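Every read-out reported here was derived from the displayed coordinates using simple, explicitly stated rules and does not represent laboratory data. All of these numbers come straight from a predicted model, not from anything done at the bench. Cβ atoms come from the backbone with ideal geometry, glycine included; neighbour counts cover every protein chain shown.
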Amino acid sequence: MNTIEKFNNNVMHTYGRYPLVMEKGKDRKCVDENGKKYIDFGSGIGTNSLGYCNDKWVDYVCNQVKSLQHTSNYYYTKVQADFAEMLCSSTGYSKVFFGNSGAEANECAIKIARKYSFDKYGKGRHNIITLVNSFHGRTLCTLSATGQDVFHNYFFPFVEGFINVKANDIDDLKSKIDNTVCAVMLEYVQGEGGVNALEQDFVDAVFDICGKNDILVIADEVQTGIGRTGKLLAGEHFGKKADITTLAKGLAGGVPVGACLAGEKCSDVLVAGTHGSTFGGNPLACAGGLAVLETVTADGFLDDVNKKAELFRSELLKMNGVEAVSGLGLMIGITLKNKKAGDVVKSALDRGLLLLTAKDKVRLLPPLTIQYDEIKEGLKIFNAVLEA
Ligand SMILES: *Cc1c(COP(=O)(O)O)cnc(C)c1O
């Protein structure tokens with residue numbers, strides 16, 4: 001039986017998959033089971049932020065595998081301490097809680113917001129405002145938080161206490177803020193929702209209203225965080241630091257991790273017994289995370305990310321088949337003129353280029369380490385697909 005048959009006989013069919021069996025990768029290229037090579041503009045949905053099997057990352061993870069793969073959170077590990085210290089100091093947050101995914105990071109943020117409010121004001125101030133078209137995860141609670149009706153089916157009843165506001169609609173925001181609200185949760189650039197950046201005025205209004213009413217701002221930077229948009233955190237583009245920031249995808253270079261960062265105001269809300277995770281802060285994830293953070297915070301790295309992003313954007317805008325380009329940094333949404341995003345992704349795959357979609361756009365989340373010649377090589381294939 002071949003791999004795809006074996007897979008489909010045994011793994012639940014929860015994903016639409018392409019008929020590609022990926023075998024190995026190095027840097028920005030991967031190889032399928034037939035030896036065919038691909039340039040990767042998707043990096044495993046932004047997780048392989050340093051590409052495949054980056055040398056430093058491999059060293060850090062392998063050295064950790066050989067000394068200690070896991071221990072329970074009843075004990076301390078140096079690698080978790082080192083990673084946490086670097087994460088807090090480089091982002092300016094006070095404390096972190098580690099989970100294993102974006103959804104878990106967001107669950108933690110939601111629990112902090114509700115308990116912060118409960119501790120201070122008692123019951124009844126539990127509502128959380130999220131934005132229409134947002135995406136916050138697949139657990140029941142984060143699905144409930146997600147502002148897209150297509151996700152609110154089958155699994156009734158959903159978790160109560162989420163109110164949706166239209167992105168960039170300040171009047172809608174104002175009309176839904178009252179004394180039952182404990183937090184506003186947002187993505188600075190909506191990823192799954194179609195690579196749409198929020199407007200500065202709207203972000204200003206959120207922080208202003210929340211600041212005046214002791215409502216916490218939660219920034220879901222699961223996709224935008226750790227260099228993806230050309231800043232360590234996307235909030236820097238808007239001159240904002242949320243009370244809580246969640247991270248996951250690119251944080252540990254492809255090992256599962258989630259992090260919920262809390263500022264001073266709410267860093268001590270979760271006390272012993274109120275939250276936990278068996279695997280959270282796993283040494284392998286922390287070692288991978290250290291390799292990513294050391295790389296991304298090195299002098300000049302993010303300047304280079306921004307230059308690469310400019311090259312992507314200027315080259316894309318020259319293409320006849322491209323209508324518009326959205327997003328920030330190396331989080332790129334492409335509106336096509338004549339072709340469907342899904343068809344383009346399929347033809348690109350045939351020609352050795354991996355792409356993503358987001359709603360009706362083609363989405364690019366290339367490894368942050370991508371080289372200029374690889375950008376040109378990949379974009380040449382992309383243009384050929386559009387012209388075909
Ligand atoms: C991917 C994503 C999540 C969910 O992360 P998982 O690791 O799949 O749980 C949450 N929020 C945003 C913004 C994301 O892009």
Top positive-direction residue, dipole computed over the chain with Cβ charges, set Tyr154, Thr369, His275:
Tyr154
Between Ser89 and Thr139, what is the FRET efficiency for a Förster distance of 35 Å, r being their Cβ-Cβ separation, to the nearest 0.05?
0.70
Residue-by-residue Karplus 3J(HN,Hα) for the stretch 287-295, coefficients 6.51, -1.76, 1.60, Hz, glycine and proline x:
5, x, x, 4, 4, 5, 4, 4, 6
Considering amide H positions built from the backbone, and no H for Pro or chain starts, which residues 5 or more places from Lys241, or on another chain, come under 5 Å of its amide H?
none
Calculate, for Lys26 and Asp208, the FRET efficiency according to 1/(1 + (r/R0)^6) with r their C-beta to C-beta distance and R0 45 Å; round to the nearest 0.05.
0.40
So what is the calculated 222 nm ellipticity per residue for the chain, using -39500 (n - 2.57) for each DSSP H run with n of 4 or more, over all residues, to the nearest 500 deg cm²/dmol?
-11500 deg cm²/dmol
Can you tell me the FRET efficiency between Phe7 and Gln69 if r is taken as the Cβ-Cβ distance and R0 is 35 Å, rounded to the nearest 0.05?
0.85
Residue by residue through the stretch 20-29, what is 3J(HN,Hα) from phi via Karplus (6.51 cos²θ - 1.76 cosθ + 1.60, θ = phi - 60°)? Round to whole Hz and write x for glycine and proline.
10, 9, 7, 10, 7, x, 9, 6, 9, 10
Anything over 24 Å Cα to Cα? Flag those among Lys166/Lys240; Lys240/Lys265; Lys174/Lys241; Lys26/Lys249; Lys6/Lys359; Lys78/Lys241, in the order listed.
Lys6/Lys359; Lys78/Lys241
Dipole axis of the chain (+1 Lys, Arg; -1 Asp, Glu on Cβ), positive-most option in Gly35, Ala358, Gly239:
Gly35
If you rank Tyr74, Tyr372, Tyr116 by fewest surrounding Cβ atoms within 10 Å, what's the result?
Tyr74, Tyr372, Tyr116
Between their Cα atoms, which of Lys29/Lys308; Lys24/Lys231; Lys66/Lys95 are more than 24 Å away from each other?
Lys24/Lys231; Lys66/Lys95
Of Phe7, Ala167, Asn54, whose Cα points farthest to the positive end of the dipole of the chain (charges on the beta-carbon: +1 Lys, Arg; -1 Asp, Glu; origin at the Cα centre)?
Phe7
Using Cβ counts within 10 Å as a stand-in for footprinting exposure, how do Arg138, Arg125, Arg228 rank, fewest first?
Arg138, Arg125, Arg228
Subtract the Cα-Cα distance of Asn306 and Lys318 from 0.36 nm times their separation in residues, and report this length gain in nm to one decimal.
2.5 nm
Say each of Glu294 and Lys359 gets a label point 7 Å from the Cα, pointing the same way as Cα to Cβ; how far apart are those two points in nm?
4.0
Disulfide-incompatible cysteines by the Cβ rule (no partner under 4.7 Å) in the chain:
Cys30, Cys53, Cys62, Cys88, Cys141, Cys182, Cys210, Cys266, Cys286
Taking the alpha-carbon distance from Lys120 and a cut-off under 14 Å, which aspartates and glutamates remain once sequence neighbours fewer than 8 residues away in the same chain are dropped?
Asp214, Asp268
Relative exposure of Ile4, Ile129, Ile209, judged by other C-beta atoms within 10 Å (fewest first)
Ile4, Ile209, Ile129
Reachable aspartates and glutamates, given that their alpha-carbon falls under 14 Å from the alpha-carbon of Lys361 and they are not under 8 places away in the same chain:
Glu192, Glu323, Asp343
Charges at C-beta only: +1 for Lys and Arg, -1 for Asp and Glu. How large is the resulting dipole of the stretch 33-164 about its Cα centre, in Debye rounded to 20?
360
